[in-house]
Every structure is written in C-alpha cells, then in structure tokens.
1. Where a ≥ b ≥ c are the square roots of the eigenvalues of the C-alpha gyration tensor, would you call region 122-238 rounded, which needs a/c under 1.5, or, failing that, prolate if a/b is larger than b/c, or oblate?
2. Could you check which residue among GLU207, GLU106, GLU36 shows the biggest mean-square fluctuation in a GNM of the chain with a 10 Å Cα cutoff?
3. How much of MET214 can a 1.4 Å solvent probe reach, expressed as accessible area in Å² and rounded to 10?
4. So who's got an amide H within less than 5 Å of the one on VAL99, skipping anything under 5 residues away but keeping other chains? H placed 1.01 Å off N, in plane.
5. Among ARG26, ARG13, ARG246, which one shows the highest mean-square fluctuation when the chain is modelled as a Gaussian network with alpha-carbon springs under 10 Å?
6. Classify region 200-256 as rounded, prolate or oblate from the Cα gyration tensor: take a ≥ b ≥ c as the square roots of its eigenvalues, call it rounded if a/c is under 1.5, otherwise prolate when a/b beats b/c and oblate if not.
7. Calculate for the chain the 222 nm mean residue ellipticity that helices alone would give, adding -39,500 (n - 2.57) per DSSP H run of length 4 or more and normalising by residue count, nearest 500 deg cm²/dmol.
8. By a straight-distance test (C-alpha under 12 Å), which aspartates and glutamates pair with LYS231 as possible cross-link partners, with residues fewer than eight away in the same chain excluded?
Amino acid sequence: MFTYDLARFIPFRDVDACERVRQIKRRDLAFHPNPEFRVRIVDDPAQFYFEFALDIVTRIREALENGRPFVAIFPVGPMPQYAFAAKMINQTNLSLKHVHTFNMDEYADQDGNTAPVEWPGSFQKAMWESFFSLIRPELLPPSDQIHFPTREAIKDYGKRISDMGGADVCYGGIGWCGHIAFWEAHLGQEFGDDLVAYKKAGPRCVELNPMTIMQNALHSFGGDWSWVPPKANTIGPAEILGAKHRSFWLDGDLGGGVSWQRFIARLVAHGPVNTYVPGSILQTAATDYTILGNVANDVEIHMA
C-alpha cells in the first residue's frame, strides 16, 4: 500500500475522512442524515440551469404576490441560469421593484481595492452583462437595491443584509478548496474548532486560496493564473447561515468526463462539519444542494 501525507498547503488534514468520502458512490450521494440538507442530481445541463433560473424567478414572484420585499444573495461563476431567469422575467412582465440583491463577492488587489465595474473580470460587470442588462429597464429594481461588496461597501455589508432581516435565500456553489462565496479554507486556521465563532464571522477582504486561484484561472481567465487577483471581498458564514434558505448548485464539469468538483462535492456534503471545509456548515442548515450529473460521478483515477 502506498500512503502519504496531504500537500502542506491544504488546510483540511483528515486523511481518513478524505478516503471515506472518496468512496461514496453516485447512487449514495443523495442520502444524508439531516433531512433539511437535500441533495439531488440533475443530469441534463440545460435542465440544471433552467431549474436554477426557475428557483430564482419563483421566489421573486412569491414574494411579490405576498406583498413583501425579496432579498437574495447571488454568486458569480458559470452563469447560464441568469439568462434563463431574465427571459422568464421579461416574458411574464415580472416586476423586480421589491427585489434587493447582494452579490457574494468581488475581486480585490493586494491592497484591498476592489475591481472597478469596467474591468473584464469584475463580478459587477458580469452580473450586469449576464443578468440585469437582459431585463427590460422598467422591470428592474432601483439601482440602490443592487449591492456589491466593494471596498466602500464592505464595512457595513453584513449589517445591510441583517437590517433587512437576513436574505430570503442565499444562492451559491462550492469552490475547489470547499469555499462558499470566497470564504476560503485557510480561514479555518483563525477559528480552529470554534464553530460557534466561525458561524458568526461576517464580511471581510480575504487572501485567495491557491486552489481558488487555479480554479478561477481555469474557468474564467483562460488558464492564466497570473491574471487572477490575489484577494477578494466576500460575505461570511453569518450571512450564509443567516439566510432563511440556501440553494447551492454544483456545476464543475470540464467536459470529456472530467470534473474538478467531484471530490469536494462529497467532502462538503458528507465529511465532518469543520472550519477548514467552509461548505461543510451547509449540512447544519436547510439547504438544497443540486449536483450536475457529471460532477456526481464516482471519484476515480484516470491515467492518460
């Protein structure tokens, strides 16, 4: 038997837990002891993104019909769902005047200066181009109800959300290191085993984890890791767990049967709840955890 330690830069060090979740077969992924942590697999990519969009639009419409504001935390990443959602909104003349959006994160430089909206990699730019600009102007929320965690906003970003009673829903995905938003795995070193303090942590500027740099280089920067900024502003566990519901969508499919997300999807959903795998705290709360088919496939070694 060939055994070895994990690479030193990896914060989560439990080799036995890694081995256990690695062995979880696709057929067993949806079974979880917490009935409120609901895991499901959607094989067809078009259906996956359509259902993501439908979830967004349905929640917006229900809030409107009930005469209450709708507060949502939104991610940026692979974004086909937003085009689907914009089309539904336009076709049904769905007003978003009651909608308040808070983006999860935004890139920052080494000094904590967040990316301007005109920078091609800016999350603000991505959201406007992929979602807001596709919606008819008369249906959009007022501009002061669309929020991004810029350098100016980050100091009271969590308070803005909590002052509205918390988000109705927090949408998101899972990063290669297990991050939720840009709340990175190495931040667990600050909290150790203190999950109570960890769950109360709020927005801040963080140094990006090496795995996050590589992951984002792959899917957004043409593989160029030198182009990925070193830091980002992000919400924390407090805003994610403070939402009334969580809806997380895992679509890390690189094609050709390859997915970077198969192992971390399992570690987050079925590994120990701990501060070094940020997404693991979702197991403790009402969460829909939807996995694209290829991502759910068994974790195996494939040598070219």
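The values are calculated or read from the model by the stated rules, or taken from the named source; none is laboratory data. It should be emphasised that the depicted structure is a prediction, and the values quoted were computed from it without experimental measurement. Cβ placement follows ideal geometry from the backbone for every residue including glycine, while neighbour counts extend to all protein chains displayed. Accessible surface is based on the protein model in full, side chains and every heavy atom, while ligands, DNA and RNA are left aside. Shrake-Rupley method; radii C 1.70, N 1.55, O 1.52, S 1.80 Å.
1. The shape class here is oblate.
2. In the Gaussian network model the winner is GLU36.
3. Roll a 1.4 Å probe over it and MET214 shows about 90 Å².
4. PHE70
5. ARG13
6. Taking the square roots of the gyration eigenvalues as a ≥ b ≥ c, region 200-256 is oblate.
7. Mean residue ellipticity, 222 nm, calculated: -9000 deg cm²/dmol.
8. Answer for LYS231, where 12 Å is the Cα cut-off: ASP105, GLU106, ASP109, ASP111, GLU184, GLU207, listed by chain and number.
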